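Asker: I have a structure here, written as C-alpha cells, and I will follow up with some questions on it.
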Amino acid sequence: MAGISTHILNASLGQPARLVLVKLRQEINHQYILLDEQFTDADGRIPAFKIDSFIQANYQLIFEVGDYFQALNTDSFYPSVCIDFKVVDTQQHYHVPLLISPFSYSTYRGS
C-alpha cells in the first residue's frame, strides 16, 4: 500500500518511543504545509499518515522528541528532529524510521 509511515525506537532504553508527536508536512510552492499529525502508538509506530493527495514532492517528518524525553525526566539535546525526504514514485510505500537517544539520532529508508 502506497503512503508514508514511521516508527521510533529509543536506543538508550532499547524499546519503542511511545506517545511522540509526529507531524507530516508537504512542500508546495517552496512552502511546507501540514498534512497530518499523530502520536506514536505503544509500539512506537504510526502505520499510516492521512494524506488526501499523495503526489511527487518533498516531505518532512517532524518528531517532537524533546517533549518525549522531558516526560521521561531525561535531559536531551534535540527539541525536535526534522527528516526531509522526497517522494518520487507514488506507487511505493515510504517507511521512514527514527532511532533516538537523548544526544543523537539516526534514520534510514525502511521497508
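Asker: Among the residues of region 45-60, write down those that are of a type in the set (Val, Ile, Thr) and part of a strand (DSSP E or B).
Answerer: Our first condition is that a residue be of a type in the set (Val, Ile, Thr); within region 45-60, this holds for 46, 51, 55.
The answer is Ile46, and nothing else.
Asker: Only residues that are β-branched (Val, Ile, Thr) and open to solvent by 40 Å² or more (accessible area, probe 1.4 Å): list them for region 15-32, please. Before the answer, list the steps.
Answerer: We begin by selecting, within region 15-32, every residue β-branched (Val, Ile, Thr); these are 20, 22, 28.
The one that is β-branched (Val, Ile, Thr) and open to solvent by 40 Å² or more (accessible area, probe 1.4 Å): Ile28.
Asker: If I filter region 100-110 for residues that are under 24 Å from Gln15 (Cα atoms), open to solvent by less than 80 Å² (accessible area, probe 1.4 Å), among the hydroxyl-bearing types (Ser, Thr, Tyr) and in contact with a helix residue (DSSP H, G or I) (Cβ under 8 Å, 6 or more places away or on another chain), do I get at least one hit?
Answerer: Among the residues of region 100-110, not one is under 24 Å from Gln15 (Cα atoms), open to solvent by less than 80 Å² (accessible area, probe 1.4 Å), among the hydroxyl-bearing types (Ser, Thr, Tyr) and in contact with a helix residue (DSSP H, G or I) (Cβ under 8 Å, 6 or more places away or on another chain), which makes the answer no.
Asker: In contact with a Lys or Arg (Cβ under 8 Å, 6 or more places away or on another chain) and open to solvent by 20 Å² or more (accessible area, probe 1.4 Å) - does that describe any residue in region 85-94?
Answerer: Residues of region 85-94 that are in contact with a Lys or Arg (Cβ under 8 Å, 6 or more places away or on another chain), as a first pass: 85, 94.
Those still in the list that are open to solvent by 20 Å² or more (accessible area, probe 1.4 Å) too: 85.
Yes, that holds for at least one residue.
Asker: Inside region 33-56, can you point out the residues that are more than 15 Å from the chain's Cα centre (by Cα) and either of a type in the set (Phe, Trp, Tyr) or surrounded by 16 or more Cβ atoms within 10 Å (Cβ to Cβ) (or both)?
Answerer: Selection gives Phe54 alone.
Asker: Considering only residues that are polar (S, T, N, Q) and surrounded by 14 or more Cβ atoms within 10 Å (Cβ to Cβ), look in region 57-79 and name the one that is farthest from the chain's Cα centre (by Cα).
Answerer: Here is the first cut: in region 57-79, the ones polar (S, T, N, Q) are 58, 60, 70, 73-74, 76.
Now restrict to residues that are surrounded by 14 or more Cβ atoms within 10 Å (Cβ to Cβ): 58, 60, 76.
Details: Asn58: 14, Gln60: 8, Ser76: 18 Å.
Looking at the filtered set, the residue picked out is Ser76.
The values are calculated or read from the model by the stated rules, or taken from the named source; none is laboratory data. Computed from a predicted structure; not experimentally measured. We place every Cβ from the backbone using ideal geometry, glycine too, and count neighbours over all the protein chains shown. Protein only, heavy atoms only, side chains kept; ligands, DNA and RNA dropped before computing areas. Shrake-Rupley method; radii C 1.70, N 1.55, O 1.52, S 1.80 Å.
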